[in-house]
1. How many Å² of accessible area per residue for the chain, probe 1.4 Å?
2. Where a ≥ b ≥ c are the square roots of the eigenvalues of the C-alpha gyration tensor, would you call the chain rounded, which needs a/c under 1.5, or, failing that, prolate if a/b is larger than b/c, or oblate?
3. In the chain, what % of DSSP beta bridges are antiparallel (nearest 5)?
4. Relative contact order (percent) for the chain, with alpha-carbon contacts under 8 angstrom and 6 or more residues of separation?
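The values are calculated or read from the model by the stated rules, or taken from the named source; none is laboratory data. Computed from a predicted structure; not experimentally measured. Remember, those area values only see protein heavy atoms, side chains included, never the ligands or the DNA or RNA. Shrake-Rupley method; radii C 1.70, N 1.55, O 1.52, S 1.80 Å.
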Amino acid sequence: QVQLVESGGGLVQAGGSLRLSCVASGSIFTPNPMAWYRQGPGKERDFVASIAVGGTSHVADSMRGRFTISRDNAKSTVYLEMNGLRPDDTGVYYCKDVRFQLWGQGTQVTVSS
């Protein structure tokens, strides 16, 4: 069974940067379309970015220009590079296997003002 494990979250000041990683592990894994979502305090889980197996990506309008999604299929890893972080970027960031609708456990990102 495939599992997704996120890492790289933490506390950062406004204007800072973080790089999140999502590693897929399991007995059988083939590259699938992947995505990042986030859930702020008291908010719904929202789409952040997605990436196809071949690397074509899409980033939500409010984060475009600050966030970049990438992947390394050989390492079964998807990344989310976040720059120019703002306090409203605070939340739990989740990785998702789009094909199997599989979620990771999330990693907390806190941006202080």
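1. On the way: 5890 Å² over 113 residues.
With the other protein chains kept in place, the chain gives 52 Å² per residue.
2. Details: a/c = 1.88, a/b = 1.65, b/c = 1.14.
Taking the square roots of the gyration eigenvalues as a ≥ b ≥ c, the chain is prolate.
3. Working: 37 of 42 bridges.
Just about 90 percent of them are antiparallel.
4. Values: 280 pairs, mean separation 40.8, N = 113.
Rounded, it is 36 percent for the chain.
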